[in-house]
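Notes for the one structure printed next.
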Amino acid sequence: MSILFKPISLGSLQLENRFVHSATYEAMATEAGKVTSDLVERYRSLARGQVGLVIPGYLYVHPLGRSMKYQTGIHSDDMIPGLRKLVEAVHQEGGRIAFQLAHAGRQTKSAIIGQTPLGPSRKGRDPFFLVRPQKMTEAQICEVIQAFAAAAGRAVVAGVDGLQIHATHGYLVNQFLSPFFNDRADDWGGSEENRFRFLREIILAIRKVVPAGMPILVKLNVDEHTPKTGITPPLAVKYARWLCELGIDGLELSSGTLAYSFMNVYWGSVPVSALARTQPWYTRPLAHVMLRQLTGRFDDLEGFNLEATRSVKSAVKNVPVFAVGGLRRVSHMEGILSQGYADLISMSRPFVREPSLVKKIREGRTEAASCSSCNMCLAAIANDIPIRCYKNGLPHVDNNLNP
């Protein structure tokens, strides 16, 4: 039997194989953040396709933490019935599901949340969200920590199997961890220990409201690729060690930020026109120029996070590590696990194109994912179009589109 189908435990949760659906924004919730039937069916199909652990797209824990128009929420008890339907659909197919808890911080717009976005520091406007954030007060920081805990409690009521804290891609937890985004000089910044405090307090608060043994996972940035030094692999190793001391049950390791280095998140092709039209009309010509400059620079795809993943895994030997980033060939995945570079294989785009990919691999019907990383699925969700494979191009963007 392939090592890819050897069971593994995360806390008290046993997975039947080593495949993880990496959390991906779907643009399938209502504008109020509620689960839709399309969202339920997407994850039912992934569980039916035998993905070992399904992690849906990032759920915002606070109204000011919403990043996108059709993002799923877990910020209110009103969300629980829909979230329960989502969990039940995965369980009915024999799958396991963890909710990813997130707060956008500065990576949102006032049109989405109704006010100036928040961040650990009031730093200059970024090239994507064009936001100059409001510096969070101590009271606002504590409010968000409690929002994560309350969201975890709602996840438990919904019947979820585990939780993942989103601490990468430039969202709020990542912002606090980063010396690039966080230039505070109080107890929440100014040193590595203080920048880590926000994540530590979230984990401690969540642990108080979840059952003993329920896995608490973290998706951690290993390399931000920001204009000035942010999180680098050596700092990520240090953070990973501290997370293990807190007793977390798994680490998924990714890189890049949406605001400054989004192609380091994804790699692959750059759909210039489709991405440029997400920007205001007056910045689209500049967006075209900037995006064209990225074309061809991210074509060397397979395993682009692997080197940093290996360094973290060597430092946290007893905690399961999820490798993510351009993994496509079955033999390559098997090699990563058998050589001890990681313990699980996490993918996003391949499951958008092939929800039954794991089943195909188990049955020996494929040796690689068919996803070519054209990134049209990502261009779709950036335009508020529901996620699916759009290899042949996006439909016309309708401002009244309702997924």
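Read the figures in this text as sums done on the coordinates, not as results from a lab. From a predicted model like this one, the values you see are computed outputs, not experimental measurements. When we count neighbours, we look across all protein chains shown, and the Cβ atoms used for this are built from the backbone with ideal geometry, even at glycine.
The ratio of the alpha-carbon radius of gyration of segment 148-302 to the globular-protein estimate 2.2 N^0.38 Å is 1.19. Around the amide H of V321, modelled in the peptide plane, lie the amide H atoms of L251, D343, L344, all under 5 Å away and 5 or more residues distant in sequence or on another chain.
Under 5 Å from the amide H of Q100 lie the amide H atoms of L59, Q164, each residue being 5 or more positions distant or on a separate chain, with H modelled from the backbone and absent for Pro and chain starts.
Compute the distance from the alpha-carbon center of segment 290-317 to that of segment 28-64, in whole Å. That distance is 26 Å. Rounded to the nearest Å, what's the spacing between the alpha carbon centres of segment 239-270 and segment 159-206? Just the number, please. Result: 12 Å between the Cα centres.
Please compute, over every Cα-Cα pair in segment 299-403, the percentage with a separation greater than 17 angstrom. Let's see the in-between values first.
Numbers: 3240 of 5460 pairs.
Percentage above 17 Å: 59.
Just how many % of Cα pairs in segment 72-133 lie over 16 Å apart, if you round to the nearest whole percent? Provide the component values of the computation, followed by the final result.
Details: 1128 of 1891 pairs.
The proportion of pairs with Cα distances above 16 Å equals 60 percent.
The orientation-averaged shadow of the Cα convex hull for segment 129-209, equal to a quarter of the hull surface, comes to 6.0 nm².
Summing Lys and Arg as +1 and Asp and Glu as -1 over all other residues whose Cβ lies under 13 Å from the Cβ of I113 gives a net charge of +3. Near the amide H of T36, within less than 5 Å, lie the amide hydrogens of T30, all on another chain or at least 5 residues away, with H placed in the peptide plane.
Pop out the Kirkwood hydrodynamic radius of segment 211-307 from its pairwise C-alpha distances, inverse of mean 1/r, in Å to one decimal.
In segment 211-307 this quantity evaluates to 15.6 Å.
Residues in segment 351-356 carry Karplus couplings, in order, of 7, 5, 7, 10, x, 9 Hz; the curve used is 6.51 cos²θ - 1.76 cosθ + 1.60 with θ = phi - 60°, and Gly or Pro positions show x.
Derived scalar couplings between HN and Hα for segment 317-322 equal 4, 8, 10, x, 10, 9 Hz in order, rounded to whole Hz, by the Karplus curve 6.51 cos²θ - 1.76 cosθ + 1.60 (θ = phi - 60°), x for Gly and Pro. Summing +1 for each Lys or Arg and -1 for each Asp or Glu among the other residues whose beta-carbon sits under 15 angstrom from that of G11 gives -2. Working note: Debye formula, equal point scatterers on the alpha-carbon atoms of the chain, no solvent; log10 I(q)/I(0) at q = 0.06, 0.08, 0.12 Å⁻¹ is -0.20, -0.37, -0.90. Anything over 21 Å Cα to Cα? Flag those among K34/K219; K219/K391; K34/K69; K109/K208; K109/K135, in the order listed. Correct reply: K34/K219; K219/K391; K109/K208.
From least to most packed, judged by other beta carbons within 10 angstrom and beginning with the fewest, T116, T229 follow the order T229, T116. Normalising the average separation of contacting C-alpha pairs (under 8 angstrom, six or more residues apart) by the number of residues puts the relative contact order of the chain at 16 percent. Gyration tensor analysis over the Cα atoms of segment 1-120 returns equivalent ellipsoid semi-axes of 29, 16, 11 Å (largest first, whole Å). Here K313 is the anchor, and the aspartates and glutamates within straight C-alpha reach of less than 19 Å, apart from those fewer than 8 places off in the same chain, are D223, E224, E245, D249, E252, E302, E334, D343. Each residue of segment 61-71 was assigned a 3J(HN,Hα) from its phi angle through the Karplus curve 6.51 cos²θ - 1.76 cosθ + 1.60 (θ = phi - 60°); the sequence is 8, 8, x, 7, x, 7, 9, 10, 4, 10, 7 Hz, with glycine and proline shown as x. Run the reach check for K123 against aspartates and glutamates, Cα to Cα strictly under 14 Å, same-chain hits fewer than 8 apart removed. What comes back? Here the aspartates and glutamates satisfying the reach criterion relative to K123 are D183.
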